[in-house]
1. Report yes if some residue within region 9-29 is among the aromatic types (Phe, Trp, Tyr) and more than 18 Å from residue 116 (Cβ to Cβ); otherwise report no.
2. Can you name the residue in region 75-112 that is surrounded by 12 or more Cβ atoms within 10 Å (Cβ to Cβ) and free of Cβ contacts under 8 Å to residues at least 24 places away in the same chain and is also nearest to residue 18 (Cα to Cα) among such residues?
3. Hey, any hits in region 53-70 for a residue that's out of contact with any Asp or Glu (no Cβ under 8 Å at 6 or more places or on another chain), surrounded by 13 or more Cβ atoms within 10 Å (Cβ to Cβ) and under 30 Å from residue 128 (Cα atoms)?
4. Would you confirm whether any residue within region 65-87 is closer than 27 Å to residue 6 by Cα, more than 14 Å from the chain's Cα centre (by Cα) and not hydrophobic (A, V, I, L, M, F, W, C)?
5. In region 17-36, what residues are of a type in the set (Ser, Thr, Tyr) and touching a Gly at 6+ places or on another chain (Cβ under 7 Å)?
6. Of all residues in region 16-32 being more than 17 Å from residue 108 (Cα to Cα) and in contact with a Phe, Trp or Tyr (Cβ under 9 Å, 6 or more places away or on another chain), which is surrounded by the fewest Cβ atoms within 10 Å (Cβ to Cβ)?
7. Would you confirm, using the coordinates I've provided, whether residue 79 is touching a Gly at 6+ places or on another chain (Cβ under 8 Å) and among the charged types (D, E, K, R)?
8. Please list, ordered by residue number, the strands (runs of 3 or more DSSP E) wholly in region 20-136 having 2 or more residues that are more than 18 Å from residue 9 (Cα to Cα).
Amino acid sequence: MKNTFELKRGKLVFEEDKIVITDNAKNEMRYRLFSSSILLLLGLSYLVKFMTTEEKFSLIFGFMMGATGSVNFAFEFFKSVQSEILFKDVKSIKLNRIYFKDVLFIKLNNNKTRRVNGIFNAERLKEYMQTISIPE
């Protein structure tokens, strides 16, 4: 099968009218949302501590943690975890190399991005993407 590509944890299959991705993206998104909310709550607790003790460290640290948690939490809503993506919903597909690992970015029409990590044999995927008619 020329249109099946192995991932570190799963596989990526290009069918006639859709892309099927089997990986652990849902679990990763839950983990990121959970850790962002914990970071946000911890930052808020430091801000509450500042209200009672008026320590400057609690204000600065709480604000930084709360801001980081809320930004991470907000960015999660621009990501998608769909396992089946129709070609008509795809705006563009791009293969990037980030820190010596190949990552496939699938930009959808609803302005969300599906990120596929851990691609084995990215050269073959790049050659296959040139044969299909999806803009990069």
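1. no
2. For region 75-112, the residue satisfying everything is 89.
3. The answer is no; no qualifying residue exists.
4. Scanning region 65-87 turns up at least one residue that is closer than 27 Å to residue 6 by Cα, more than 14 Å from the chain's Cα centre (by Cα) and not hydrophobic (A, V, I, L, M, F, W, C).
5. Answer for region 17-36, where residues must be of a type in the set (Ser, Thr, Tyr) and touching a Gly at 6+ places or on another chain (Cβ under 7 Å): 22, 36.
6. Out of the qualifying residues, it is 16.
7. Working: touching a Gly at 6+ places or on another chain (Cβ under 8 Å): no; among the charged types (D, E, K, R): yes.
Spelling it out, it is not the case that residue 79 is touching a Gly at 6+ places or on another chain (Cβ under 8 Å) and among the charged types (D, E, K, R).
8. On the way: elements: 84-86, 90-98, 101-108, 113-116.
In region 20-136, 84-86, 90-98, 101-108 are the strands (runs of 3 or more DSSP E) which contain 2 or more residues that are more than 18 Å from residue 9 (Cα to Cα).
Only the coordinates and a few stated rules stand behind these numbers; no lab work does. These numbers come from a predicted model, not from an experiment. Note that each Cβ is placed from the backbone with ideal geometry, even for glycine, and that neighbours are counted across all protein chains shown.
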